[in-house]
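Asker: Got a structure for you, questions after.
Bear in mind these aren't lab numbers, they're just calculated from the coordinates by the rules spelled out. Predicted model only: the values in this text are computed from it and were never measured. Using ideal geometry, Cβ is built from the backbone for each residue, glycine included, and neighbour counts are taken over all protein chains shown.
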Amino acid sequence: MAWRFALALAPVASDDAREDFSDTFRPLDPGAPALPVGELSAQRGDGVFESLGVVDRHPQEVGPHLERLAASAALCDLPAPNPEQWRQAIRAAAAHAPITGEGVLKLILSRGVEHGATPTAWVTVADAADNSAVRERGIRLVTLDRGYALDVPTRAPWLLLGAKTLSYAVNMAAIREAKRRGADDALFVSSDGFLLEAPTANLILRIHGRFVTPLPAGGILHGTTQRSVFAHLERSGHDTAYEAIPVADLAKADAAWLVSSVRLAAPVTAVDGIRLAVDAPRTADLNRHLLSRRD
Ligand code: PLP
């Protein structure tokens with residue numbers, strides 16, 4: 001990854017109402033060591049994060065990403081982030097993204113050093129990978145059992161399903177397993193037979209003209225991209241819905257996409273070796289919409 005910029009942020013109370021937070025962050029050399037060895041983000045993956053797309057230096061969906069950062073922090077009993085402080089840090093960092101084209105901005109909030117007084121926080125900016133081929137040609141998925149039933153998030157909230165924690169080793173292992181099985185990405189399913197999400201993206205299916213996505217309450221991340229895609233589709237008169245979707249309903253879909261902040265909308269060309277049609281005009285429309293967002 002080509003790192004462009006990083007800044008360290010000293011988190012302040014969520015109700016700190018000062019106007020200018022610029023003296024609470026400082027640039028870091030993205031190539032130099034920055035974390036103490038006792039950092040719990042490195043020791044235990046104990047923290048939360050967000051990845052935002054940046055297009056022509058415009059960070060995308062800042063509000064929804066900050067809301068999700070706060071929701072993840074709450075699930076992990078981390079202090080609530082101050083949204084205005086993070087907003088200003090995002091603005092400062094995005095100024096170092098590519099002038100034209102796509103970048104990735106990451107927000108990281110860690111529990112900090114063991115027994116330390118405050119969380120550790122930092123923001124990074126890097127060039128995005130070129131995703132144009134996957135947006136056009138699409139991706140093959142294999143379903144992988146996540147081993148949890150759909151009601152586990154309410155029965156066992158300590159599993160932190162639905163929080164975007166730094167512990168992504170399981171998600172990365174699932175992608176490696178999908179590749180071993182000859183696919184490009186994984187599609188998690190619940191132990192009781194419902195569709196969930198991919199390790200780094202949400203699923204949208206089109207069934208009989210309606211666009212449906214799995215219920216966030218089933219222990220998946222409520223995606224900022226999926227929400228933006230649904231708002232776009234609703235504006236042009238399409239029906240959208242959140243549902244508990246049985247795996248068998250894949251056979252009813254006439255198109256499907258994985259959607260996420262940086263890859264954007266990747267059409268699904270096959271699931272478990274069963275081919276799915278690609279709606280190229282709709283895919284192009286979704287990616288045009290996603291790339292045109294300016295906020
Ligand atoms: N689900 C998981 C597990 C993810 O890690 C991500 C993004 O990284 C998503 C869904 C998609 O979320 P977003 O559209 O906000 O990027």
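Asker: Compute the angle between helix 62-75 and the longest alpha-carbon principal axis of the chain, please, reported from 0 to 90 degrees and rounded to the nearest 10.
Answerer: So the helix axis and the longest Cα principal axis differ by about 80 degrees.
Asker: Please check which bits of region 205-221 a label hung off residue 234 would reach, taking the label as a point 7 Å along Cα-to-C-beta and the cut-off as backbone N under 17 Å.
Answerer: Counting only backbone N, you get 205, 210-217.
Asker: To the nearest 20 debye, what is the magnitude of the charge dipole of the chain about its Cα centre, counting +1 on the Cβ of each Lys and Arg and -1 on the Cβ of each Asp and Glu?
Answerer: Dipole magnitude for the chain comes out near 680 debye.
Asker: Separate question: Return the lysines within reach of residue 164: Cα separation strictly under 21 angstrom, same-chain partners fewer than 8 residues apart disregarded; answer none if there are no such residues.
Answerer: Leaving aside lysines fewer than 8 places away in the same chain, those within reach of residue 164 are 106.
Asker: Under a crude label model (7 Å from the Cα following the beta-carbon direction), how far is residue 145 from residue 3 in nanometres?
Answerer: Modelled inter-label distance: 4.0 nm.
Asker: Using a 10 Å cut-off around each Cβ, can you sort 23, 127, 46, 151 from fewest to most neighbouring Cβ atoms? Intermediate results must be reported in sequence, preceding the final value.
Answerer: Values: 23 8, 127 16, 46 19, 151 13.
The fewest-first ordering by Cβ neighbours comes to 23, 151, 127, 46.
Asker: Taking the 0 to 90 degree range and rounding to the nearest ten, how far is the long axis of helix 280-292 tilted relative to the main principal axis of the chain, both from C-alpha atoms?
Answerer: That works out to roughly 10 degrees.
Asker: Let me check against my output: what whole-number percent is the relative contact order of region 133-291, with C-alpha pairs under 8 Å and at least 6 apart?
Answerer: Values: 305 pairs, mean separation 46.2, N = 159.
29 percent.
Asker: Right, something else. Could you work out the helix-only [θ] at 222 nm for the chain, with each DSSP H run of four or more residues adding -39,500 (n - 2.57) and the total divided by the number of residues, to the nearest 500 deg cm²/dmol?
Answerer: Values: 8 runs with 78 residues, N = 295.
One gets -7500 deg cm²/dmol as the mean residue ellipticity at 222 nm.
Asker: Place a point 7 Å from the Cα of residue 158 along the Cα-to-Cβ direction; which residues of region 56-94 have their backbone N under 17 Å from it?
Answerer: 75-78
Asker: Shifting gears a bit: Extending each Cα 7 Å along its Cβ direction at residue 191 and residue 249, get the distance between those two points in nm, one decimal.
Answerer: Distance between the two pseudo-spin positions: 2.2 nm.
Asker: In whole Å, what is the distance between the alpha-carbon centres of region 138-187 and region 254-277?
Answerer: If we compute the Cα centre of each part, the gap is 16 Å.
Asker: Sequence neighbours fewer than 8 away in the same chain don't count; with that in mind, list the aspartates and glutamates whose C-alpha is under 16 Å from residue 252.
Answerer: Result set, ordered by chain and number: 243, 272, 279.
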